[in-house]
Amino acid sequence: MSASLATRRVLATLLAAGTLIGAATLPAAADDHRRDHRGPHSSLVIGDVQYDSPSRHDRSNRALNREWVEIRNTGRHSLNLRGYTLTDQQGNRYRFPDFRLEGRSAVKVHTGQGRDTRHDLYQDRNRQIWNDRDTATLRDHRGNVIDTESWGRCGHQHRG
């Protein structure tokens, strides 16, 4: 009987230790899973930026459309950008329409007016917004930051 009792105690201790180890690792695994659905793991990134058009004082639509921010989908699957926003440091905001960005493709968001296509979207503004020192921020439809791109003062910086 004493050998059986000792065996049961050792087994109980091992099971309790295993439960504690499992419980300790569970929050980290749950946290990692939650992070997979946030911006840093998104396939959307801000690509090239053409800011501060050479003809800055020219408010023609052509000059406005020489200023743009490129949004890239680096993933294989298409994504609907409806409700996503693109903002600058001064608070100018562009809200994406019901727009599907195909996998491994890009769209340029121009400042001026034009007809939206699968490669070009237009903010319909009448003045330039991207300065020589600025930050473009892409947020999803819930307001979570997906990507930022800064340039100017400290050089060109990308934060994802």
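The values are calculated or read from the model by the stated rules, or taken from the named source; none is laboratory data. All figures in this text were calculated on a predicted structure; none of them were measured in a lab. Positions of Cβ are generated from backbone atoms using ideal geometry, with glycine treated the same way; all protein chains shown enter the neighbour counts. The area values use the complete protein model at the heavy-atom level, side chains included, leaving out ligands, DNA and RNA. Shrake-Rupley method; radii C 1.70, N 1.55, O 1.52, S 1.80 Å.
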Under a Cβ-Cβ cut-off of 10 Å, what is the net charge of the residues other than Asn73 that fall near it, where Lys and Arg count +1 and Asp and Glu count -1?
+3
So, taking all protein chains as they sit and a 1.4 Å probe, how much accessible area belongs to Ser43, in Å² rounded to tens?
30
Let a ≥ b ≥ c be the square roots of the eigenvalues of the Cα gyration tensor of the range 105-145; is it rounded (a/c under 1.5), or, if not, prolate (a/b larger than b/c) or oblate?
oblate
Can you say what percent of the DSSP beta bridges in the range 62-126, counting only those with both residues inside, are antiparallel? Round to 5.
80
Spelling it out for Ser78: with amide H atoms placed in the peptide plane at 1.01 Å from N, the residues 5 or more places away or on another chain with amide H under 5 Å from its amide H are Gly103
